[in-house]
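The structure's right below; bear with me while I get my questions together.
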Protein chains: 2
Amino acid sequence: MVRRDGPDDPDASGGPDDPGGTGGPADPARPGLTRRRLFRGGAAAGLGAGAFMGAAALGERLLTPSRPAEKEPLHGGRTVPYHGSRQAGVETPPQAHARFVAVDLKKDVDAEGVRRLLRLLSDDTAKLTQGDPALADSEPELAGVPARLTVTFGFGAGLVERVDPGAVPAWLAPLPEFSRDRLAPEWSGGDLLLQICADDPLTVAHAARMLGKDVRAFGAVRWAQEGFRRSYGSQPEGTTMRNLMGQVDGTNNPAPGSEDFERLVWIGDEGPEWLRGGTGLVLRRIAMDLDAWDRLDRPGREEAVGRRLSDGAPLTGTREHDEPDFTAATPLGFPKIAEFAHIRRARSDDPDERFFRRGYNYEAASGDGADSAGLIFAAYQADAVRQFVPIQRRLDDLDLLNEWVVAIGSAVFAVPPGHGEGGFIGEGLFAP
Amino acid sequence: MVRRDGPDDPDASGGPDDPGGTGGPADPARPGLTRRRLFRGGAAAGLGAGAFMGAAALGERLLTPSRPAEKEPLHGGRTVPYHGSRQAGVETPPQAHARFVAVDLKKDVDAEGVRRLLRLLSDDTAKLTQGDPALADSEPELAGVPARLTVTFGFGAGLVERVDPGAVPAWLAPLPEFSRDRLAPEWSGGDLLLQICADDPLTVAHAARMLGKDVRAFGAVRWAQEGFRRSYGSQPEGTTMRNLMGQVDGTNNPAPGSEDFERLVWIGDEGPEWLRGGTGLVLRRIAMDLDAWDRLDRPGREEAVGRRLSDGAPLTGTREHDEPDFTAATPLGFPKIAEFAHIRRARSDDPDERFFRRGYNYEAASGDGADSAGLIFAAYQADAVRQFVPIQRRLDDLDLLNEWVVAIGSAVFAVPPGHGEGGFIGEGLFAP
C-alpha cells in the first residue's frame, strides 16, 4: 500500500491490494494521479474504509481543474526494507530527521528479558518502517506515512553481557579518555540504542513513542538526542550536509556500496560471529561555540578547516570532491593547507584508519546555554579502537577546530546484522 | 535567484540574474534541468563564484546518464514574499516547521530602541525570506535554502506601551483566568514574538539564530517553542494536520481568502489605525497526557472529540468536511455527538465567535515529563476577547478532552500589518 524503494517496486503493476489493476499506468480519467498514488501520501495504510473515503475526498480536491496535476510524487509513502542481512539506517541515504535514544536496562532484565524486548522491538519496527501500525499502536493513523523510516539498533556492552559475557568485542567499551573531551554522563553510555530516522518529524515522533512503550517494562531512557539535516527534496539528492557552523560536513566519506565501505564499515569474518554483517557505532555529541566561531573572519574559518566555506572545496582545489594536496605550498613556502587544519589532522596515512560518518545537526530552540547547538557525530566502523580512536587522538593532539567544538557526550554501540522475517534483531547473540 | 510562488514568477523568463537567457524553457543540452533550476535548491543565492562552481559540479553529477532526470522540483528554493500589506505566516499554507520565540525587552529600551530593533529585524527578514543572507550573516551559506521561510512578528503590550501607551488595544493583555489552565510563567507572556516557519529545519535554525543576534542588544529570549507538522511533500497539499493524539486537528477552520476569514482574522476599520491589516495571535501551549489518552479505547476517543479518528469525519457524517449534525440522535434518543464532545463545545451559535487556527505539534525527544508532548495552539483573530475568550470559556466549563489536555502556556500578541520596501514592521505605531 506504500511505495517501496528498490528494484522490485510493487507499484510497477497491479498488486494484491490493487484489485482494480489501475496501479500501473495512470488512470486515464485522472491524469497523473492513480488511486494508488493517493494512498502513498495519505494516512491510509492499514486503516479501514473510513480512511479510504478520506483519501478519496482529498483526491477529488487535488484533481479540480483549477490547477495542473502535481508532478511531485509524495515522499511520505516511501519505505526502506527492514528485513535483510544488514540493518538499514547505515548505508541508507540520510533522512532529514533523526532521534537517537539510549536505554538503560533494568537490573533484573536477564538474557530472556533481552530476547523478549528485542523481539518486540523487531516486530514493531518491521511494521512501522513499512507504514503499518505497531502491534498495539495507540495512534495507528500516525503510522501511515513511513517517509523512509529506519530504526537501527545498537547494543552497549551492558546488554551484550547479560546475554553472553564472552561475546563483547574489545572495542565495545567507552572510548579512551581524550584530553579535550568534556563528557557529561547524561549524554554518554547506554545499554541499547535506537537510531530512528525518517524524512518526516511526525513519523519519527510516532515511531519513538511506540518503540518507547515497548521498552518501558525493560528499561528507562538514559538520553535522547534529536537531529536534523535539510528537509527531503529541498536540495539535489547527494548534496553534502552543512553543519551549524556553515561548513560542508562529510565530504571525505567512504561511499556506501564501495569496496572501501565494505571493508571499513561492515564486520566480516574477523569479527565475532554474531556481529558479522554488522558494524560499530561511535556517537559523539559535539557542542559548537557558535558565538566564538562567528567572531572569526572567513579566511580564518577556512584555514581552520582547510576547505572553502562556499562549496567545501579543499584550499588546494576548485571542487568539493577534489583530493586535497597536502604538499602544496604558498609562494612563501607555507603549506596551503595548514598543519593545524582540520582536514589534515583528520586524515591518517593508514588507509584503514577511516570510518563512515552520518551526522546530524542539533539545536536547542532557545539558543541558550553552552550546549545549545552542535553536531551529533555518528561514525560507523568495524572496529572503533582500530579505526576511530587513532583519528580522534590526532584531533585531540592538534586541530584548530578544537577552539570552537567540544565533545560533551560519547557512546559506543555494536550494531548487529539485520535479520529475516520471523527472526529478531541480535538473534545471533543467543545460543540456538 | 530563487523561485517565488505567485503569479509573477520571475522564473517564467530569463531575468537579470540569468544573463544567458536559459531560464525559460529547459536548456536543450540538459533536459529537465536549467541552470536556474540548479540554483533553486543549492546554497548558492547571494554567494560568489565559488558557490556557483559548487552548484555546477552538483549539476554535472545529477546529469550523469545513469539516472533519469529528476521530475521533482526542489522545494528548498521556494519563497513567500515578505513585503506586502499583510504579514506572511498567517494565510500562508503552514510550513512543516515552526519556532515561536518570545523576547522580553530590556528595561532601558525606549521607543527609539524599539524602532531600531524592528528595523533591524525587518531588514534581515526581508533578506532571509528571499534566500539571501542577513546583513551581518555569519553563516551566509545557510541562507540559500529559504524553503518558504516566513517570519511573523507579534507585539506584546509591553512593546506597544513603550512606543505609545494609548495604542494598546483592549484585547492585548493576558487572557482572563480559566479554571483548568495550569500556566507556567516560562511558557507565557513576552514583549515581542518571532514566529519563524519554513519547510526546512535548518532554515528555521539559521533564521532564528540571525534574528536572535539582532535581538540580543535589546532583550533576552523569554521562551522558545519548536513545532512540527508533516514534512513538505509527504502528503497531498491541503491535508489537515494530525496532532499527537492521532486526531485530525483543524478541520473546522475559516479558509484563507474567504469572506469569513477576512472578517474574522484581519483587523479592519474598527481596529486601532496602526493595526489595520493586522491580526491578533493567541498562543497556547497545550500539554497532552498521551499515556492516559492511550488507555481510552477508540469509541471513547471518538466520542470525546465527536469525530472519527480514521478520517476526521464528524460522527454524524462520512467525510472530514461534512457539517456536524448536532441534532442527530441515536435510536435510543441520545445525541450522536455527545453534549460533552469537543467539537460541540468548541462551537458557538454566534458566527463571530470563531478564529483561525494554525497549530503545530511539539514533543520532547526524551518523551519524559508531564510536558513531553502536545500542541502549540496558534489562533488568529481580530479581537481575542470577543472571539477567542467565549469559546475558551465554553471549553473550560465542559469539554471531555480536558481530561487529557491542559494549557501550560499562554500569550497574546498584536500582529501588525505588513509593510513595503523601505519601511519596517510596526511602523504605523510610531508617530510620523
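Starting from the residue with the highest accessible area, list B:Arg393, A:Arg344, A:Arg354 in decreasing order, probe 1.4 Å.
B:Arg393, A:Arg354, A:Arg344
Related question: Please go through the residue pairs B:Lys106/B:Lys127; A:Lys127/B:Lys336; B:Lys107/B:Lys213 and name each one whose alpha carbons sit more than 23 Å apart in this structure.
The pairs that break the limit, which is 23 Å between Cα atoms, are B:Lys106/B:Lys127; A:Lys127/B:Lys336.
Give, as ranges by residue number, the residues of the stretch B:295-328 whose backbone N falls under 17 Å from the point 7 Å along Cα→Cβ of A:Arg216.
Only B:295-298 pass the distance filter.
What's the buried accessible area, both sides, between A and B using a 1.4 Å probe, rounded to 100 Å²? Display every interim value, and only then the final one.
Details: alone 20290 and 20280 Å², together 34410 Å².
When A and B are taken together, about 6200 Å² of accessible area is lost.
Other chains near B:360-367: what is the mean number of their Cβ atoms within 10 Å of each residue's Cβ? Let's see the in-between values first.
Values: counts 0, 3, 2, 9, 2, 14, 10, 11.
Shielding by partners across B:360-367 averages 6.
Between A:Arg393 and B:Ser348, what is the FRET efficiency for a Förster distance of 56 Å, r being their Cβ-Cβ separation, to the nearest 0.05? Could you put the intermediate results ahead of the total?
Details: r = 68 Å, r/R0 = 1.21.
With a Förster radius of 56 Å, E is 0.25.
Now for a different question. Which whole number gives the average, over all residues in A:310-323, of C-beta atoms from other chains lying within 10 Å of the residue C-beta? Let's see the in-between values first.
Working: counts 12, 16, 5, 4, 0, 0, 0, 0, 4, 7, 4, 2, 1, 0.
Per-residue shielding by partner chains comes out at 4.
Also: Along Cα→Cβ at 7 Å, what distances in nm separate the B:Pro165 label point from those on the other copies, shortest first?
7.6
How far apart, in nanometres, would the label points at B:Ser179 and A:Asp297 be if each is projected 7 angstrom from Cα along the Cα-to-Cβ direction?
Here the modelled spin labels are 6.7 nm apart.
Also: Which residues, if any, in the stretch B:200-226 lose at least 50 square angstrom of accessible heavy-atom surface (probe 1.4 Å) when the other protein chains sit next to their chain rather than the chain being alone?
Those are B:Pro201, B:Leu202, B:Arg209, which lose 50 Å² or more relative to the chain on its own.
Can you compute the equivalent ellipsoid semi-axes for the stretch B:270-402, i.e. the square root of 5 times each eigenvalue of the Cα gyration tensor, sorted largest first and rounded to whole Å?
Numbers: eigenvalues 152, 104, 31 Å².
Semi-axis lengths for the stretch B:270-402 are 28, 23, 12 Å.
Also, quick follow-up: Of B:Arg119, B:Arg148, which has the most accessible area with a 1.4 Å probe, and how do the rest follow in descending order? Before the final figure, lay out each step's value.
Numbers: B:Arg119 90, B:Arg148 20 Å².
The ordering from most to least exposed comes out as B:Arg119, B:Arg148.
Further question on the same structure: Roughly how many whole Å is it from the C-alpha centroid of the stretch A:252-318 to that of the stretch B:206-234?
Here the answer is 28 Å between Cα centres.
Within a Cβ distance under 11 Å of B:Gly280, other residues only, what is the Lys/Arg minus Asp/Glu net charge? Could you put the intermediate results ahead of the total?
Values: positive: B:Arg386; negative: B:Asp383.
Surrounding charge for B:Gly280 is 0.
Could you give the accessible area per residue of the stretch A:163-271, probe 1.4 Å, as a whole number in Å²? Walk me through the numbers before you get to the answer.
Working: 4090 Å² over 109 residues.
Heavy-atom SASA per residue in the stretch A:163-271 reads 37 Å².
Just checking the output field for B:241-251: average partner chain Cβ neighbours within 10 Å of each residue's Cβ? Numbers along the way, then the final one.
On the way: counts 1, 8, 3, 6, 4, 9, 2, 3, 0, 0, 0.
Mean shielding by partner chains, rounded to a whole number: 3.
How big is the equivalent ellipsoid of the stretch B:80-190 along its three axes, where each semi-axis is √(5λ) from the Cα gyration tensor, reported in whole Å from largest to smallest? The partial results should precede the final answer.
Numbers: eigenvalues 156, 75, 40 Å².
Listed largest to smallest, the semi-axes of the stretch B:80-190 are 28, 19, 14 Å.
Under a point-charge model restricted to the Cβ atoms of Lys and Arg (+1) and Asp and Glu (-1), what is the dipole moment magnitude of the stretch B:242-398 relative to its Cα centre, in debye to the nearest 20?
So the dipole magnitude of the stretch B:242-398 works out to roughly 200 debye.
From the label point of A:Leu135, set 7 Å from Cα along Cα→Cβ, how far away are the matching label points in the other copies, in nm, ordered shortest to longest?
When each copy's label point is compared with this one, the spacings are 6.0 nm.
So how much accessible area does A:Val389 have, in Å² to the nearest 10, using a 1.4 Å probe?
Per-residue accessible area (A:Val389): approximately 10 Å².
Hey, another quick one. Please compute the net charge surrounding B:Ala126, taking Lys and Arg as +1 and Asp and Glu as -1 over other residues with Cβ under 11 Å from its Cβ.
Values: positive: B:Arg119, B:Lys127; negative: B:Asp123, B:Asp124, B:Asp132, B:Glu421.
Computed value for this residue: -2.
Which distances, in nm and shortest first, link the B:Thr318 label point to the same label point in every other copy, taking 7 Å along Cα→Cβ?
6.6
In addition: Under a 1.4 angstrom probe, counting protein chains only, how are A:His83, B:His342 ranked by accessible area, largest first? List each step's numbers first, then the result.
Details: A:His83 75, B:His342 50 Å².
I get A:His83, B:His342, largest accessible area first.
Using the Karplus curve 6.51 cos²θ - 1.76 cosθ + 1.60 with θ = phi - 60°, work out ³J(HN,Hα) for each residue of the stretch A:223-233 in order, rounded to whole Hz, and write x for Gly and Pro.
With coefficients 6.51, -1.76 and 1.60, one gets 7, 9, 10, 10, x, 8, 10, 4, 5, 4, x Hz.
Moving on. Which value, to two decimals, describes the C-alpha radius of gyration of the stretch A:108-246 once divided by 2.2 N^0.38 Å?
On the way: Rg = 17.3 Å, N = 139, 2.2 N^0.38 = 14.3 Å.
Against the empirical 2.2 N^0.38 Å value, I get 1.20 for the stretch A:108-246.
For the ranges B:134-147, A:242-255, what's the packing order if you count other beta-carbon atoms within 10 Å of each residue, average per peptide, and put the highest first? Each step should come with its number before you reach the end.
Working: B:134-147: 23.9, A:242-255: 20.4.
Ranked from most to least packed, the peptides come out as B:134-147, A:242-255.
Relative contact order, percent, of the stretch B:168-306 when contacts are C-alpha pairs under 8 Å separated by at least 6 residues?
Details: 51 pairs, mean separation 19.3, N = 139.
Averaging sequence separation for qualifying contacts and normalising by length gives 14 percent for the stretch B:168-306.
Evaluated at 37 °C with a viscosity of 0.692 mPa s, what Stokes-Einstein diffusion coefficient in µm²/s does the stretch A:172-300 have when Rh comes from the Kirkwood expression over alpha-carbon pairs? Don't jump to the answer; show the numbers that get you there.
Details: Rh = 18.6 Å.
So the translational diffusion coefficient is about 177 µm²/s.
The values are calculated or read from the model by the stated rules, or taken from the named source; none is laboratory data. Predicted model, so just to flag it, every value in this text is computed and none were measured. No Cβ is skipped: glycine too gets one built from the backbone with ideal geometry, and neighbour counts run over all protein chains shown. Note: areas computed on protein heavy atoms with side chains; ligands, DNA, RNA excluded. Shrake-Rupley method; radii C 1.70, N 1.55, O 1.52, S 1.80 Å.
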